[in-house]
Amino acid sequence: MAPTGGRDLTYCAAIREAIDQAMGLDPRVFCIGLDADDRFGVFGSMANLSHPERVLGTPISENAMTGVALGAALSGLRPIHVHLRSDFLLVAMDQIANYVAKWRDMFHGQVAVPLVIRAIAGRGWGCGAQHSQTLHGLFAQIPGLIVATPSTPYDAKGLFLQAVKDDRPVLFLEHRWLYKDTGNVPAEPYTLPFGQCRVLHEGQGLTLVATSLAATHCKIACEQHGLDVELLDPRTVKPLDLDGIVASVRRTGALAVVDYDFPFGGFAAEVVAAVGERAFDALPLPPQPLTFPDRGMPASQVLERAYYPDPERIAALLRRMLDARATAGSAS
Amino acid sequence: MERTTTLQRADALWLLRRLRLIRQASERIAKLYPSNVMATPVHLCIGQEAVPVGVCRHLRDTDKLFLGHRTHGPALAKGLPLPKLFAELYGRTTGCSHGFGGSMHVLDLEHGLPGSSAIVGGSIALGVGAGLASKLVGGDWLGVSWFGDAATNAGVFHESLNFAALRRLPVLFVCEDNGLSNVMPKAQHSATDIVSLARQFMPTLAADGTDVLSVYERAGEAIARIRAGEGPMFLHCPTKRWMKHQGHEPCDLAAATLDRERDCPIHKLEKFLCRSGLATRAELAEIAADVESEVDAAVRFAEQSPFPPPGLLEACRALEPPRP
């Protein structure tokens, strides 16, 4: 259900409000990151915070700074480590994959790791292969990380406040093309649970799973073309609400996954495989993933249009599947 | 070395007891290791005991020490109970990491050991994070980053020293320099010397890492200056690794240059204690015997402890709801 009773905020303002409230509610919360304290306020998401003394800029040292944030978390604080681009997370892969993600498992959960790593993810305009990646599939593969990919301002605020409250490390990926989207957001602090799908569009003919910007594009496709599709946004890639997805597939009998990320061993592949394991008998048609091609992003506008899926391509895929279902139904 | 130090007898005996605890525990591990009762890679620190013991005498339980893969010495020096270490090496549920960590991942929150890492270099940053936390909340603890000479080749070393210096964080960097990166001598892995590197960022102090009194003195000075608010300090301790990088065998590389009497931290301290009259030969023998009983008891504790049930893995998936 769409939230009501709040005010309209942009996705960016919802995240800013969540950070500000998290810092106000708990003096152990602080922000750290490259350009975290500069005058642009991380694309506005950290502009004019109420506790600027707890906002620390860092040198371009993503790997060590992730370790610093982890060390602070292990010393009782609750850091929010911010990255302007998710591509920069790969510089810190040792700390994220070997340290942050593993610390609880290595010591059998004896120590809390209350660390939020946020990154602004996804394409810009002609940004090419190193400033356009989303990477949620890669990080979800690593045990020990929660990977949140909210698509709406309401989800962004609620999931962010849950991330700060959680004693497990959370990777919070915010798609830059969602930053100006608006939606209803309650003014007071609230949390949303990880691992629960939200229905973004109702229908019976097909289950469509998508998250982050892909979910928003899927919603546009369904609405503009009046498609009989149930659109589920898992909101967190990890933990993944497989029960919710499988229940929907059992109702509709078809599955498509739209994922704005790389294809091989990624989120779309995981959903297709997991649904195949649990509900193969409910699928008369092969499940269809729609993802980026298995290559780095191009820069030219013409190539970008060919590379990136959009609402029109999503609608075309869904129409093909719905038609195939109808044909299969009339044949039987 | 002639000393006119005002070392207290209590401190001196503490130093000796910890040196012996680490040495005798390590020797027992080496002895038992070929029988495979400890199915985990061990990086022994025989010969290097002076560094952790001399430093940790000045640390408090609230100071947070982050270690690399060679954990046993600094962990025991900081206060990790020996039975919990042996139980961890034996893979038992009573181990300091409940059997999930092994030799390279030890934790003891009560004694300021929030964990250790087997990836060389990375835990240097975690000590800086502990220092940052202390500074942000006005805490009274230090962050301590513990690493070997080879870790100074990692980018995270430079990033960590730079940030600690920029923010004047209460962090002690301890370089336990055994001159070997696995089997690679320092001359092959470092184009410049470590102290000159570190000095670009912060004051450095050097101690003889085979002499516990030397480490004790210089570490005392470094830690006092950090506690007084002077910012981070770098303590360089050249020492000698008697054993292979990993496992229970003596290091063949060291054989030519190593004198097991002259380079032995225990021998040096005992000689000093007798000469200065701080302890008698009989007292020294008694300490050695006490420690040996302690090692016996720790091994017995490990042997008698249960293994973690494999079903535990199902019950403790990383993404279960957090424990209350």
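Key figures for this structure:
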{"read-out": "Taking the C-alpha atoms of chain B, convex hull volume expressed per residue in Å³", "value": "145"}
{"read-out": "A:H225-A:Q196 pseudo-label distance in nm [points 7 Å out on the Cα-to-Cβ vector]", "value": "3.1"}
{"read-out": "Sparse-neighbour loop sites [trypsin sites (Lys or Arg not before Pro); the range B:156-217; at most 15 other C-beta within 10 Å; DSSP]", "value": "B:R168"}
{"read-out": "Relative contact order for the range A:7-185, counting Cα pairs under 8 Å that sit 6 or more residues apart, in percent", "value": "28"}
{"read-out": "Separation between Cα centres of the range A:266-306 and the range B:5-64, rounded to whole Å", "value": "55"}
{"read-out": "Charge dipole (debye, nearest 20) of the range A:7-185; +1 at Cβ of Lys and Arg, -1 at Cβ of Asp and Glu", "value": "140"}
{"read-out": "Residue exposure sequence - B:K271, B:K240 - by fewest surrounding Cβ within 10 Å", "value": "B:K271, B:K240"}
{"read-out": "Calculated FRET value between A:V111 and B:T93, using beta carbons and R₀ = 22 Å, to 0.05", "value": "0.80"}
{"read-out": "Once exposed loop GluC sites (Glu not before Pro) are cut out (DSSP; at most 10 other Cβ, 10 Å), longest piece of chain B", "value": "B:3-260"}
{"read-out": "Farthest toward positive dipole pole in the protein assembly as shown [+1 Lys/Arg, -1 Asp/Glu at C-beta], among B:G47, A:A328, B:S26", "value": "B:G47"}
{"read-out": "Residue order, fewest to most beta carbons within 10 Å, for A:K180, B:K244", "value": "A:K180, B:K244"}
{"read-out": "Leading residue at positive end of dipole, the range B:9-303 (Cβ point charges), from B:H98, B:A289, B:G122", "value": "B:G122"}
{"read-out": "Cα centre as origin, Lys/Arg/Asp/Glu Cβ charges: the protein assembly as shown dipole, Debye", "value": "560"}
{"read-out": "Contact order relative to length of chain B, as percent, for alpha carbon pairs under 8 angstrom and 6 or more apart", "value": "23"}
{"read-out": "Distance in nm between pseudo-label sites at B:D290 and B:A228 (7 Å out along the Cβ direction from Cα)", "value": "3.4"}
{"read-out": "Percent of beta bridges antiparallel (DSSP, chain B, rounded to nearest 5)", "value": "15"}
{"read-out": "Inter-label distance, nm, simple model (7 Å from Cα along the C-beta direction), B:R17/A:A328", "value": "7.4"}
{"read-out": "Choice from B:D290, B:D263, B:D208 with maximal GNM fluctuation in chain B (Cα, 10 Å cutoff)", "value": "B:D290"}
{"read-out": "Computed E for A:D8/A:R313 - FRET, C-beta separation, R0 25 angstrom, nearest 0.05", "value": "0.30"}
{"read-out": "The range A:7-185: antiparallel DSSP beta bridges as a percent of all, rounded to 5", "value": "15"}
{"read-out": "Ranked B:C56, A:C197, B:C45, criterion: other C-beta atoms within 10 Å, fewest first", "value": "A:C197, B:C45, B:C56"}
{"read-out": "The range B:128-179: chymotrypsin sites (Phe, Trp or Tyr not before Pro) in DSSP coil with no more than 15 other Cβ atoms inside 10 Å", "value": "none"}
{"read-out": "Rounded to 5, the percent of DSSP beta bridges in chain A classed as antiparallel", "value": "20"}
{"read-out": "Residue among B:G68, B:G229, B:G179 with the largest mean-square fluctuation in a Gaussian network model of chain B, springs linking Cα atoms under 10 Å", "value": "B:G229"}
{"read-out": "Amide N of the range B:119-139 lying under 20 Å from the label point, which is placed 7 angstrom from the Cα of A:S50 along Cα→Cβ", "value": "B:137"}
{"read-out": "FRET efficiency for A:A187 and B:A187, using Cβ-Cβ distance with R0 set to 45 Å, rounded to 0.05", "value": "0.10"}
{"read-out": "Those lysines that a straight Cα-Cα span of less than 23 Å connects to B:K240, excepting residues fewer than 8 apart in one chain", "value": "B:K31, B:K78, B:K186, B:K268, B:K271"}
{"read-out": "Degrees separating the helix A:153-165 axis from the principal Cα axis of chain A, which is the longest one", "value": "50"}
{"read-out": "Computed helical MRE - 222 nm, chain A, DSSP H runs ≥ 4 contributing -39500 (n - 2.57), nearest 500", "value": "-10500 deg cm²/dmol"}
{"read-out": "Chain lengthening between B:V137 and B:Q246 when straightened (0.36 nm per residue, less Cα-Cα)", "value": "35.3 nm"}
{"read-out": "Loop trypsin sites (Lys or Arg not before Pro), the range A:224-324 (other Cβ atoms within 10 Å of the site Cβ: 12 or fewer; DSSP)", "value": "A:R295"}
{"read-out": "Most mobile listed residue (B:V106, B:V212, B:V37) in chain B, GNM with C-alpha springs under 10 Å", "value": "B:V37"}
{"read-out": "Farthest positive-ward along the range A:1-160 dipole, Cα basis, beta-carbon charges - from A:W125, A:S45, A:A14", "value": "A:A14"}
{"read-out": "Linear extension gain, A:R278 paired with A:I60, 0.36 nm per residue minus alpha-carbon span", "value": "74.0 nm"}
{"read-out": "Contour excess over end-to-end distance, with Cα ends at B:S35 and B:A297 and 0.36 nm allotted per residue", "value": "92.4 nm"}
{"read-out": "Within chain B, helix-based [θ] at 222 nm, where runs of 4 or more DSSP H residues each add -39,500 (n - 2.57), nearest 500", "value": "-13000 deg cm²/dmol"}
{"read-out": "Cα-centre dipole for the range B:1-148 with unit charges at Cβ (Lys and Arg positive, Asp and Glu negative), debye to 20", "value": "300"}
{"read-out": "Spatial separation of Cα centroids for the range A:141-209 and the range B:254-305, in angstrom", "value": "58"}
{"read-out": "Label zone at B:T6 (point 7 Å along Cα-to-Cβ), backbone N below 20 Å, the range B:197-220", "value": "B:213-220"}
{"read-out": "Whole-angstrom gap from the range A:1-80 to the range B:157-228, using each part's C-alpha centre", "value": "33"}
{"read-out": "Sequence-separation-based contact order of chain A, relative, with Cα cut under 8 Å and 6+ spacing, percent", "value": "17"}
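Since every read-out is calculated from the coordinates, none of them should be taken as a lab result. Treat the numbers as computed from the prediction; the structure is a model and nothing was measured. Please note: Cβ atoms are built from the backbone with ideal geometry, for glycine as well, and neighbour counts cover all protein chains shown.
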